[in-house]
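Every number here is computed from the coordinates shown, using simple stated rules; none is lab data. All values reported here derive from a predicted model rather than from experimental measurement. Don't worry about glycine lacking a Cβ; one is built from the backbone with ideal geometry, like all the others, and counts go over all protein chains shown.
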Amino acid sequence: MKHLKILYLLLTFLPVRASAQEGSISGYVRSEGKPLEFVNVGLQRTSRGTSTDSDGYFSIKGVPYGTYELTTSLIGFEAQTKRVTVDSQSPQATVSFSLEEATARINEVVISGTMKEVSKLESAVPVEVYTAEFFKANPTPSVFESMQHVNGVRPQLNCNVCNTGDIHINGLEGPYTMVLIDGMPIVSGLSTVYGLTGIPQALVERVEVVKGPASTLYGSEAVGGLINIITRKPFSAPRTAVDVFGTTWGEANADVGLRYGAGQHTQGLLGVNSFNYQNPIDNNGDGFTDVTLQSRISVFNKLSFGRKSNKPFSVAGRYVYEDRWGGEMHWDSAHRGGAEVYGESIYTSRWEAFGLYQLPVKEIINFQFSTNGHQQNSVYGNTAYIASQYIGFGQLTWNKLLGNRHDLLAGLAYRHTYYDDNTPATAGVDGTTNQPSVIHLPGAFVQDEIKLNDYNKLLLGARYDYNSLHGSVLTPRLNYKWTSRNKQNAVRLSVGNGYRVAHVFTEDHAALTGAREVVFEGELEPETSWNANLNVVKQVYSSNNAFFGLDGSLFYTYFHNRIVPDYDADPNRIIYSNLEGSAVSKGVSLNLDVAWTSGLKLLAGATLMDVTLEEQGERRRQMLTERFSGVWSIGYPFPGIGLTVDYTGNVYGPMRLPLLGPLDDRPAHSPWWSLQNIQLTKAIGSKWELYGGVKNLLNFTPPANSIARAFDPFDRGVLFDEQGQVIPTPGNPQGLTFDPSYVYAPNQGIRGFLGVRYTLNK
């Protein structure tokens, strides 16, 4: 790993020589005769670009002689591309653009569905796009929490004490969701949440969400879907961006983003995120902290290099350190790992590096890599969990247009995973020696996007992987897209296969706490799934130019060999086994996007689903999965006074909850619940914004007895029989043990927040 770090540093600061024959490209970008500021202007398939100033003017210097495709992009406007030549006859080329307002979000550029940048309209795979402006309507310390307002996506807390969690897509748990940064898989089962924390919001350009298997392109862990965080390109990012806010609970979050030059032809993007909360609160009176105390620092750096060939070359790295704890109110670090005062304390140290390099050949061949190291030192009461994981990933892709109909993408990939911990997961055969898990996963994939005509497109793809522990895996997929003549309607049909190798101790918090014994029934086999998705998009324009967009989907996923934790068979155990039957996730979702000429905007969505398990003729609902969820975001600007009002919220239906036996008197299902927020944002000049509001307006919190026997976390007052079963006693009539896994919603009530943003673009 030392050599990898040295290589990364060398790549990061390696100077790049420029061509001797260079010129420049300049011009203006306007809309209806008025200058447009902050328009991204870039040369396609190169790393060169800039953004317009307040007069709509742009200038790109140091451009080697040649012919280029010059592209403009700005949220809310149609992208435009023009060809321009820089040579000895025209060393200072000029070109101007006149942009038209975009009629819908369907024109946005996406990459997650096919690994290539295409417009959302042209993508054969349904991709949902959420811009940085969407997340500003409800500022949070991390992208993880921001996802609570994406339809069909729910951040799930897995523990009432340490507040760790994962992301559910269409009812499927976190391990089925792959998290990418700039298209690279940097997140492992040990660290799902950490892929979505510590990224400064100022550096996030957009977040793309694909629901359903994406294993054909991205391999294992992309069974339920993927979340791709696209960071800004250095040349188009603000020169300085600062966002600081705090809450009345004592939380403080700071994001700082800086764009800098690292040589004549190198642009850098530096981001720092800091989050701190050190104010123990116990409003529900159970003796435990309502919210985990945290101290987190994250540093992100991205460099884009100019090359003589104008082919892209970028590298990026991130480091995250976090210290979090929750537990009894009088816990402190001196109690860590002891059996006197209960606390859950987690130290996390994580580094990541990833990049893209286009080979200096005529064909479009890209090499992408990502590597990360994750060290976790955790204690849950007096149970320790010490783990290390290292993952290296490399991928070579070749993109080739064959005539006017075929767009071919082929690739070779290799993933190496090293994992070690102090649990039985890495114990040797004799149970006393240590045997770290090492997995080699080479693979190859190919897809052909076939243009049948101007309105119909077919995408065929397949991937072959060889897992060193489980053997060969084949994952095919098929996508069909129809677009209407006016390009206001689209229909997409997707069918695909997915697979996943489960790692219980890295994925399931309940397996770590020691509150229940972990039992494995047989050797766990990889899970496989088949998914079908029908997506329909329709746009409607009213006579007064208001826009109405509808995006609906029907989804169905069938699992074979599903690995399910059984909490019901024995209240003192979690039994993991491959399901001797089937599991199904099915449902319907609908997104509504409305924009009126007055500036009023409405984004709303609802998902109705049924996630069930069937074994030996018995059918039951999946634990901690709602049947219904809804989200909304309403924004209205008052241009005359520079004020914007945002009202955001979500609502969830009942979920089945894990009880501790037939005598457990807690409700078996959660109630309907909703988190709602309101925010006022005031623009002060062109660089400053002041914002504030109230989160959790309804002051919703789960019941105070969510932690079973919170007064006896070490089970000193619990009586067990010879088989390890709890014996009900006068002091414990329900036969309970300490258990923090009865959790479905955040335990943080109403709170105010206030923040300020500063943005300097030039």
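Listed peptides 138-146, 256-264 appear in the order 138-146, 256-264 once ranked by packing, highest mean of other Cβ atoms within 10 Å at the front.
Counting other beta carbons within 10 Å of each residue's own, what order do THR423, THR67 fall into, fewest first? Mind showing how you got there, number by number?
On the way: THR423 18, THR67 9.
Least to most surrounded, the residues fall as THR67, THR423.
Built from the Cα atoms of region 269-344, the convex hull projects on average onto 7.3 nm², one quarter of its surface area. Only lysines eight or more places from LYS457 in sequence, or on another chain, were considered; those with a Cα closer than 23 Å are LYS116, LYS120, LYS211, LYS400, LYS481, LYS487, LYS538.
A simple packing score, the average count of other Cβ atoms within 10 Å per residue, orders the peptides 154-166, 662-674, 544-556 as 154-166, 544-556, 662-674, with the highest score first.
Using a ≥ b ≥ c from the Cα gyration tensor of region 363-408 (square roots of the eigenvalues), is it rounded, prolate or oblate, where a/c under 1.5 gives rounded and otherwise the larger of a/b and b/c decides, a/b for prolate? Write out the running numbers ahead of the final one.
Details: a/c = 9.65, a/b = 4.09, b/c = 2.36.
It comes out prolate by the Cα gyration axes.
Of the beta bridges in the chain, as assigned by DSSP with both residues counted there, near 95 percent are antiparallel.
Suppose we look only past 21 Å in the calculated P(r) of region 314-388. What percent of the Cα-Cα pairs does that tail hold? Mind dumping the intermediate values first?
Details: 1369 of 2775 pairs.
Cα-Cα pairs in region 314-388 separated by more than 21 Å: 49 percent.
With R₀ set to 25 Å, the beta-carbon distance separating LEU458 from TRP398 gives a calculated FRET efficiency near 0.80.
Seen against the Cα atoms of the chain and their longest principal axis, helix 2-13 is set at about 30 degrees. Think of the chain as a dipole: +1 on every Lys or Arg Cβ, -1 on every Asp or Glu Cβ, centred on the Cα centre; then among THR67, PRO730, VAL645, THR67 lies furthest on the positive end. Between GLN375 and ASN486, the simple spin-label model (points 7 angstrom out along Cα→Cβ) gives 6.2 nm.
Based on the mean of other beta carbon atoms within 10 Å per residue, what is the order of 432-438, 711-717, most packed first?
Details: 432-438: 11.3, 711-717: 15.4.
Ranked from most to least packed, the peptides come out as 711-717, 432-438.
Extending 7 Å from the Cα toward the beta-carbon at both THR85 and LYS308 defines two label points whose distance is 2.3 nm. For the chain, the relative contact order works out to 10 percent when only alpha carbon pairs closer than 8 Å and six or more residues apart are counted.
Along the charge dipole of the chain, which of SER370, GLY411, VAL161 sits closest to the positive end, that is, farthest toward it, with unit charges on the beta carbon of Lys, Arg, Asp and Glu (+1, +1, -1, -1)? Farthest along the dipole direction, towards plus: GLY411.
Each part reduced to its alpha carbon centroid, region 619-660 and region 329-347 end up 34 Å apart. Rounded to the nearest 0.05, the FRET efficiency derived from the C-beta distance between GLU363 and ARG666 at R0 = 60 Å is 0.45.
Debye-formula intensities of region 231-760, expressed as log10 I(q)/I(0) at q = 0.06, 0.09, 0.12, 0.13 Å⁻¹, are -0.38, -0.94, -1.78, -1.93 (one equal scatterer per alpha-carbon, no solvent).
Spin-label pair LEU719-LYS451: with each label point 7 Å from Cα along the Cα-Cβ axis, the two points sit 7.9 nm from one another.
In whole Å and largest first, what semi-axes does the C-alpha gyration tensor of region 22-98 yield when each eigenvalue is scaled by 5 and square-rooted?
Numbers: eigenvalues 87, 30, 21 Å².
Each semi-axis is the square root of five times an eigenvalue, giving 21, 12, 10 Å.
Which of HIS335, HIS416, HIS374, HIS440 has the fewest other C-beta atoms within 10 Å, and how do the rest follow up to the most? Mind showing how you got there, number by number?
Numbers: HIS335 20, HIS416 16, HIS374 23, HIS440 12.
Ordered by Cβ neighbours within 10 Å, fewest first: HIS440, HIS416, HIS335, HIS374.
Per-residue Cβ neighbour counts within 10 Å put MET329, MET184 in the sequence MET329, MET184, beginning with the fewest. In the chain, the DSSP-assigned H stretches of four residues or longer account for a calculated mean residue ellipticity at 222 nm of -1000 deg cm²/dmol, using -39500 (n - 2.57) per stretch and the full residue count as denominator.
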